[in-house]
Amino acid sequence: MSSVTLKELRPALEGVFPAVIATASPDGTPNVTYLSKVWYLDDRHVGLSNQFFSKTIANVAKNPKIQLLLMHPADMRHFRVDAEYVRSEYAGEHFDRMSAEIDALASLFRMERVFRLRAVDVCRVLRAEVVASSADG
């Protein structure tokens, strides 16, 4: 598997395809769910849209390691991202931008009461790599 930078992943962070997040409880029980949006914040951090994350947040409070699976919208390559939860933001620039985007999508699908942003969970990216596929030969 080849390593990639967060800048190289930017197209996979545009929200065309939902991302997958995996966390684990302190006893190792996995939790896997979909994310509406993963935002590029800077060269080392991403923001996760926290909308329905009860179990995910409970896990990262005790074990901050997470793994994301992203898909590039142009060539369908998959990327595995190892990251570490840093903090949740409930207001501010990142929150306002992500909330506006999610509100617009919710309005489009008439799901305003369901798709409400609770927080932007900021995570430090530790490693990102292309996931090999059977097409890679």
- [ ] Report, by residue number, each residue of the stretch 1-41 that is under 23 Å from Lys62 (Cα atoms), open to solvent by less than 70 Å² (accessible area, probe 1.4 Å) and not in a loop (DSSP other than H, G, I, E, B).
- [x] Ala19, Val20, Ile21, Ala22, Thr23, Ala24, Asn31, Thr33, Leu35, Val38
TODO: Kindly check whether there is at least one residue in the stretch 94-112 that is open to solvent by 60 Å² or more (accessible area, probe 1.4 Å), among the polar types (S, T, N, Q) and either modelled with pLDDT of 85 or more or within 28 Å of Glu8 (Cβ to Cβ) (or both).
DONE: no
Open item on the list: Here are the criteria: (1) modelled with pLDDT under 85; (2) within 19 Å of Leu13 (Cβ to Cβ); (3) open to solvent by 60 Å² or more (accessible area, probe 1.4 Å); (4) within 14 Å of the chain's Cα centre (by Cα). Tell me which single one Arg44 does not satisfy.
Closed with: (1)
Open item on the list: Here is a check on your reading of the model: is Ala83 open to solvent by less than 60 Å² (accessible area, probe 1.4 Å) and outside any strand (DSSP E or B)?
Closed with: no
- [ ] Kindly indicate whether Pro73 is touching a residue at least 40 places away in the same chain (Cβ under 8 Å) and not in a loop (DSSP other than H, G, I, E, B).
- [x] no
Task: Conditions (1) hydrophobic (A, V, I, L, M, F, W, C); (2) in a loop (DSSP other than H, G, I, E, B); (3) within 22 Å of Val131 (Cβ to Cβ); number of the one not met by Ala91 - done: (3)
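The values are calculated or read from the model by the stated rules, or taken from the named source; none is laboratory data. This is a predicted model, so every value here is computed, not measured. Ideal geometry is used to build each Cβ from the backbone, glycine not excepted, and the neighbour counts take in all protein chains shown. For accessibility, only protein heavy atoms count, side chains too; no ligands or nucleic acids. Shrake-Rupley method; radii C 1.70, N 1.55, O 1.52, S 1.80 Å.
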